[in-house]
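See below for the structure under consideration.
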Amino acid sequence: MAPDWGDADMTALYTSVMGVAPEAGKKYFCEFYWLDKKTGFTGESMAISAVCKEGSTAYNTEYTPRARVTMNEVAESQGFEKLDFELSHGSTILSVDAMYSNNTGVSSGEFILKKPIENLPDLSFWALGRCSNPEREWMTRPCLFAIWIQTWRGETEGTFAHRGGQYENEYVEVFGSAPVLEK
């Protein structure tokens, strides 16, 4: 099983392999290996044992996959060529990797998702970026962007708005991780 940034649904894996769900109150022993899929090389083993409890030991809830948005979920966008951001369940840190160009004269980019993502709350956060322009020999300029994600009237919309630094609309990259301010 490949973990999602270190998170994995161990209950589902155990149930699929063993054919029955783990029982609360019983002690289980697991052994893990890092495996390079290309070469088959494995790392050192790691053994863990724990008494099974109701819910997760991390958040006292069942495993929830992280909320992730890529271009596959986008119905409409203003010039986005690449969009990848994700928020882990229970976390306040959002990671973003986006690229867009915008020739509307407005220093922002927008997108609308095909359908709302259940575990993605309305949020806002700040991220670093860089802008460049081929007419100026692609000279890169550092920038700061405010980002809003909100679901309104059944549509999830996102806005990447330039808030600091010199803006060049030909090529914009927004990247990094930042704390989320949930609305």
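A few notes on this one:
- Student exercise, the range 67-182 dipole from Lys, Arg, Asp, Glu Cβ charges, in Debye to nearest 20: 160 debye
- Computed packing ranks the peptides 115-122, 34-41, 93-100 as 93-100, 115-122, 34-41, most packed first, by mean other Cβ atoms within 10 Å.
The numbers here are math on the coordinates, done by the rules we state, and not lab data. What you see is a predicted model; the values in this text were computed from it and never measured. Positions of Cβ are backbone-derived with ideal geometry, glycine not excepted, and every protein chain shown enters the neighbour counts.
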